Structures are given as C-alpha cells and as structure tokens.
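Only one structure is covered here, and it is reproduced in the block below.
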Amino acid sequence: MRIQTQQLTPEQLEALPRTTRWRAAKRGWVAFAYHEKLVIRNDVVFQFFASDVFREARMVVAIERRKGVCFPSHLENDDLIQECVIEAWRKSGRAEFFNAGYRVSVMRGRLWDLRKSRRWEFSLEEEPCSDLEYQN
C-alpha cells in the first residue's frame with residue numbers, strides 16, 4: 001500500500017477532526033484517501049495479456065447470462081464485456097494480474113457491482129430479464 005506523506009498547513013490541520021490530529025501526531029503520519037480504490041495500471045502487461053483478457057471477459061459474461069443473472073435491460077453483452085475489460089485494465093499493475101483466476105474474479109466482481117448499482121434503474125413497465133440468452 002502506498003502512503004502519501006506531505007506537510008500539512010495549519011489550515012489543513014484545523015480542518016481535520018481532533019482524534020485524527022491526535023493519531024497523526026502520535027504516529028507521525030496522515031494517510032489521505034485511505035478508503036479510496038487504488039488504480040494501479042501497467043499498459044505493457046495489459047497489452048501482453050490483451051487477447052486473454054478479452055477471451056476471459058466474453059467467457060465471464062456468457063457464464064453469467066447462462067446462469068440467468070439479471071442485468072439492467074439497456075446493457076448489452078458488448079457493454080458488459082467492455083466494463084470487464086476496463087476493470088481488468090485498472091488492475092493490470094498488480095502482481096496477481098498474471099493469474100487468470102484473479103482476472104476472472106476481478107471481472108465477476110465488476111459485473112456484480114453493475115448488477116447491484118443503483119444508478120442503473122429501470123422502469124416497472126419494461127421486463128429486465130427478457131433476454132437471458134447469450135448473443136454473439
């Protein structure tokens with residue numbers, strides 16, 4: 001984990017909660033954006049595994065469709081594959097990226113996030129699971 005260290009101005013110190021200031025003074029550091037997801041990319045590694053990543057993304061989407069998982073109706077298979085590939089690209093700098101099982105689990109996690117996301121709302125008139133078959 002990377003920890004960014006920097007000197008804080010008195011105004012920035014005053015904006016921090018009292019307990020955070022106390023812990024930072026006690027330990028000698030402050031970790032900014034500790035809970036944010038860290039994006040570690042390596043374009044060279046991703047280019048090397050590009051064909052594998054696309055094949056695995058198509059496989060993951062096909063398996064999820066065959067299992068009958070309901071995705072928002074406006075997301076087609078190409079959109080889901082694109083989301084999987086983008087998420088794999090974001091994680092391509094990690095050491096685990098060389099393992100195919102890790103890449104598949106990252107893609108399945110992204111599909112799970114898309115399924116549970118509140119911003120993909122659909123109306124009650126349309127049927128969200130009308131097309132469950134995988135289309136090429």
Projected label distance in nm at ALA100 and ASP79, using a 7 Å step from Cα toward the beta-carbon: 3.0
Loop-resident sites, segment 37-101, for trypsin sites (Lys or Arg not before Pro), counting at most 14 other Cβ within 10 Å (DSSP): LYS37, ARG41, LYS67
Shape box of segment 43-116 [Cα atoms, principal axes, largest first, Å]: 35, 18, 17
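Laboratory data are not the source of any read-out in this text; all were calculated from the coordinates shown. Worth saying up front: this structure is predicted, and the values here are computed from it rather than measured. No Cβ is skipped: glycine too gets one built from the backbone with ideal geometry, and neighbour counts run over all protein chains shown.
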